[in-house]
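I have placed the structure first, in the form of structure tokens, so that the comments after it can refer back to it.
The values are calculated or read from the model by the stated rules, or taken from the named source; none is laboratory data. Computed from a predicted structure; not experimentally measured. Glycine gets a Cβ as well: all are built from the backbone with ideal geometry, and neighbour counts include every protein chain shown. Only protein heavy atoms, including side chains, enter the accessible area calculation; ligands, DNA and RNA are left aside. Shrake-Rupley method; radii C 1.70, N 1.55, O 1.52, S 1.80 Å.
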Amino acid sequence: MIDPELKNYIDNEILPLYQHFDKAHMMSHAETVISESLKLAAIYNADPQMAYTIAAYHDTGLCRDRETHHLISGEILQSDIRLRQWFTEEQILIMKEAVEDHRASSDHEPRSLYGKIVAEADRIIDPEITLRRTVQYGIRKHPDTSAEWQYQRFREHLTKKYAEGGYMKLWLEETKNSENLKQLREILRDETALKETFYRLRQEETEDN
């Protein structure tokens, strides 16, 4: 169970921060990570309030910087005095470290079960969603580049992150991500299908904008 006062605080003061982030990290993303984190917390007998709070804060650092957002998010969580109403200092330290460890490109294994939970929940490896988010990021960061350049960036990023030997690691077994990763890798191996998917998604995203 989540304390109603904690939920009210996060719903009104923390989650609205995501309204100002890019399409891949808006409130719907935070809500999905929260939902997945709570499911995993139930499976692994973790504290649901800690899992909920970690998920809510995990990307808040995007308000200042993308490259170090995981570290900034940890700072935001740890410095939030209001959280002392519900958690001990030890719990807050565990939550801070979990937020810091959630990033897919992290060079180390999460330091706690809570870090593994939020990292796994944040992966959300759904082939369509993953491919679309990659297109969205390219359009936002490099709006003046050609479609072919965008495709090459799209392909290189996905290969580096998700292909066999890629830097993204899965830390928990009881998730949908493992099977979805296999499906995504099949798409990455099919150059024709990958390119068709890219141009379809790019057109849809361009029209939306």
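Some values worked out for this structure:
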| item | result |
| --- | --- |
| Nearest 10 degrees, 0 to 90: helix 113-123 Cα axis against the chain principal axis | 30 |
| Reference-scaled alpha-carbon Rg (2.2 N^0.38 Å with N residues) for the chain | 1.05 |
| Cα lying deepest toward the dipole's positive end in the chain, options Val118, Tyr9, Trp86, charges on Cβ | Val118 |
| Per residue accessible area of the range 56-177, 1.4 Å probe, in Å² | 49 |
| Per principal axis, descending, Cα span of the range 21-125 in whole Å | 31, 29, 27 |
| Inter-probe distance in nm under a simple model that places probes 7 Å from Cα toward Cβ, at Arg64 and His108 | 2.0 |
| Estimated FRET transfer efficiency (Lys7, Glu75; beta-carbon r; R0 22 Å; 0.05) | 0.45 |
| Efficiency of FRET from Cβ geometry, Lys176 and Gln152, R₀ 30 Å, rounded to 0.05 | 0.50 |
| Selection of GluC sites (Glu not before Pro), the range 42-116, meeting DSSP coil and at most 12 other Cβ within 10 Å | Glu67 |
| Accessible surface, 1.4 Å probe, highest first, among residues Leu77, Leu93 | Leu93, Leu77 |
| 0 to 90° range, to nearest 10: angle between helix 127-141 axis and the chain longest Cα axis | 80 |
| Zone residues, the range 108-122, relative to Leu93, backbone N less than 16 Å from point 7 Å out along Cα-to-Cβ | 111-115 |
| Cα-based helix-to-principal-axis angle, 147-162 vs the chain, degrees rounded to 10 | 50 |
| Cα-projected label distance for Ala42 with Glu205, points at 7 Å along beta-carbon direction, nm | 3.3 |
| For the range 164-209 and the range 66-105, distance of Cα centres in Å | 29 |
| Listed pairs Lys96/Lys141; Lys39/Lys160; Lys116/Lys182; Lys96/Lys160; Lys7/Lys141 exceeding 24 Å between Cα atoms | Lys96/Lys141; Lys39/Lys160; Lys96/Lys160; Lys7/Lys141 |
